[in-house]
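Since the structure comes first, as structure tokens, the remarks are kept for the end.
The values are calculated or read from the model by the stated rules, or taken from the named source; none is laboratory data. Being a predicted model, the structure only gives us computed values, none of them experimental. Because the Cβ atoms are built from the backbone with ideal geometry, glycine has one as well, and the counts that use them run over all protein chains shown. The area values use the complete protein model at the heavy-atom level, side chains included, leaving out ligands, DNA and RNA. Shrake-Rupley method; radii C 1.70, N 1.55, O 1.52, S 1.80 Å.
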Amino acid sequence: MGFVFQQFIDAAPIYACVECRAHIARRDSIISRTFQGRHGRAYLTEAVVNERLGKDEDRLLMTGLHTVCDLYCRCCDTVLGWKYVRAYDKSQRYKEGRYVLEQSQIFAIEQLQSHISISSLPTRTSLLVASPPSLDRVLSRFMRDIGIHPGESMLSR
């Protein structure tokens, strides 16, 4: 796996991945806040960034049969929701090409700042500041991926 390039949204308020804090969508791209996801409430949105899409599959949802694909965070592979590929019912065609974001998998960033302090780390519900993942976290993830565990010496291999 190569290096993952993240996109950053310049204007707040935005939504970010609850696991890795990658920017996902602008708040003003939300079309509806009344959707139901697999894990509770969800938002229908026009556009997302830092996404990876799964395979298309037909699912019987509350509003009928749709072809959808799972929506993953490109940075950490957390399932964030799904994308509507096709709606079989004419009245549901407005959903095609749009995304559903599960509220339990995202959090709101109200204000963007370039620097954060340890005391302002995010909670699962909201965040006032945001920054890219730290180098320590990226290195730790890389080392785990290649099979090196914390405290293990490279010389002992």
Packing rank of 21-27, 60-66, 70-76, where each peptide gets the mean count of other beta carbons within 10 Å, highest leading:
21-27, 70-76, 60-66
Using 0.36 nm per residue, how much length does the chain from PHE3 to THR67 gain when fully extended, once their Cα-Cα distance is taken away?
20.0 nm
Output needed for the stretch 1-97: three equivalent-ellipsoid semi-axes, defined as square roots of 5 times the C-alpha gyration tensor eigenvalues, in descending order, whole Å.
24, 16, 11
If you count only protein heavy atoms with a 1.4 Å probe, what accessible area per residue comes out for the stretch 5-47, rounded to a whole Å²?
52
Tally up the carbon and sulfur contribution to the accessible surface of the stretch 1-94 as a whole percent, 1.4 Å probe, everything protein left in place.
51
Can you give the FRET efficiency for SER32 and ILE148, using 1/(1 + (r/R0)^6), R0 = 35 Å, r = Cβ-Cβ distance, to the nearest 0.05?
0.20
